[in-house]
Every structure is written in structure tokens, then in C-alpha cells.
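Below you'll find the structure, written out as C-alpha cells, and then a few comments.
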Amino acid sequence: MWSGGLSRGGGIRLSPPYARPLDSGGALPALPRVRNPPRRRVPAVCRCETLDLTANELAKDHARHLAGGRVTIEHERLYRFEFPERPGALSRFLDALNGGWNVSLFHYRNHGGDVGRVLAALQVPEADSDAFDTFLTELEYPYVRECGNVAYKRFLQAS
């Protein structure tokens with residue numbers, strides 16, 4: 001089910017059976033990057049809602065590379081991690097997971113630095129909250145909880 005090697009980035013998302021694995025390995029042409037794009041006013045006639053995600057790390061590092069739509073997953077917890085770029089970092093993460101937890105989203109990005117940026121969603125029942133907190137502490141990888149992130153709510157999580 002994994003599409004794309006970890007070395008170039010890629011991801012998976014738990015979704016209905018008809019959905020395809022996610023791949024950021026070049027399936028779509030890259031758009032040119034503009035460091036400080038000019039802000040354009042939306043005509044009043046349009047009445048379009050806009051959302052500025054330029055300072056949103058989840059959107060910049062992960063959400064813009066994911067496709068597959070929005071889905072509701074029970075007990076899903078979303079976190080951004082920084083994995084050290086060394087052999088065994090992913091294995092350490094997976095080995096530390098409780099066997100009763102499910103990885104419902106996993107996206108890896110590496111820009112040639114000493115850390116890989118990982119977005120992971122895990123299904124963790126409320127009864128396992130203390131065990132999950134222990135997992136995060138003992139893992140010792142920097143992380144940010146993203147369950148309330150507007151990019152997650154608007155583009156990855158069904159209402």
C-alpha cells in the first residue's frame with residue numbers, strides 16, 4: 001500500500017476501499033514557488049471565502065502534498081513529528097506503537113536536512129490516553145499536536 005520511497009517522500013491515508021494510496025513523488029507537475037506572492041483582493045461580487053495558510057506549518061509541509069479527500073476516522077489524533085535522519089528512526093517509532101493503535105495517515109517529507117518531517121494520524125481510544133502520552137514522552141522525537149489545525153479540519157477531516 002506504500003507508494004513512493006521514504007527517501008523522496010510519500011504518504012498513506014486510511015480511506016474508503018476505492019481510494020488510492022497517496023504519492024508526492026512527482027505525479028503532478030510542481031508549481032513555481034513565489035517567496036512573497038502579491039496579495040490580491042477578491043472581488044466583492046465573488047463572495048468567496050479565503051483562508052490564509054502561509055504561516056501554517058502543517059499546510060506548508062504536508063497538506064499541500066496530500067490528496068484523497070476528507071474522511072471521518074474515529075478516535076483519530078494528528079501529530080507532526082521530526083524524525084532524526086538516521087537508520088532505524090521509523091522502526092523505533094513503529095516498534096513503540098501499541099498494537100491496538102492504528103496508523104490512519106502517514107506522510108514523510110525530507111528536504112535533505114538532519115530531520116525528516118512526518119505527519120502521522122493515529123487511532124487511539126480514549127481509554128489509552130495515558131499510554132499514548134507515555135509513548136510520546138518516551139519516543140523523544142519533537143512533536144506538535146495538530147488535531148485543532150484549520151488545514152486538517154478543512155482538507156483532511158470530514159465534518
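The values are calculated or read from the model by the stated rules, or taken from the named source; none is laboratory data. Not measured: the values here are computed from a predicted model. Heads up, the Cβs are rebuilt from the backbone with ideal geometry, glycines too, and the neighbour counts pull from every protein chain shown.
For the subset of region 98-110 comprising residues that are buried (at least 17 other Cβ atoms within 10 Å of the Cβ) and of a type outside the set (D, E, K, R), which member is farthest from the chain's Cα centre (by Cα)? Out of the qualifying residues, it is Trp101.
Report whether or not Leu136 is part of a helix (DSSP H, G or I) and aliphatic (A, V, I, L, M). Explain how you work it out, then say what you get.
Values: part of a helix (DSSP H, G or I): yes; aliphatic (A, V, I, L, M): yes.
So Leu136 passes the test.
Taking first residues from region 105-117 that are touching a residue at least 60 places away in the same chain (Cβ under 8 Å) and partners that are among the charged types (D, E, K, R) and part of a strand (DSSP E or B), the Cβ contacts under 6 Å between residues at least 6 apart in sequence or on separate chains come to Leu105/Arg13; Arg109/Arg117.
The single condition among (1) over 15 Å from Ala63 (Cα atoms); (2) among the charged types (D, E, K, R); (3) modelled with pLDDT under 90 that Asp130 does not meet is (3). The residues in region 116-152 that are in contact with a strand residue (DSSP E or B) (Cβ under 7 Å, 6 or more places away or on another chain), among the β-branched types (Val, Ile, Thr) and surrounded by fewer than 17 Cβ atoms within 10 Å (Cβ to Cβ) can be counted, and the count is 1. Please identify the pairs in which a residue from region 72-84 that is closer than 15 Å to Asp133 by Cα has its Cβ atom under 9 Å from the Cβ atom of a residue that is modelled with pLDDT of 90 or more and among the charged types (D, E, K, R), counting only partners at least 6 apart or on another chain. Correct list of pairs: His75/Glu126; His75/Asp128; Arg77/Arg145; Leu78/Arg145; Tyr79/Arg145; Arg80/Arg145.
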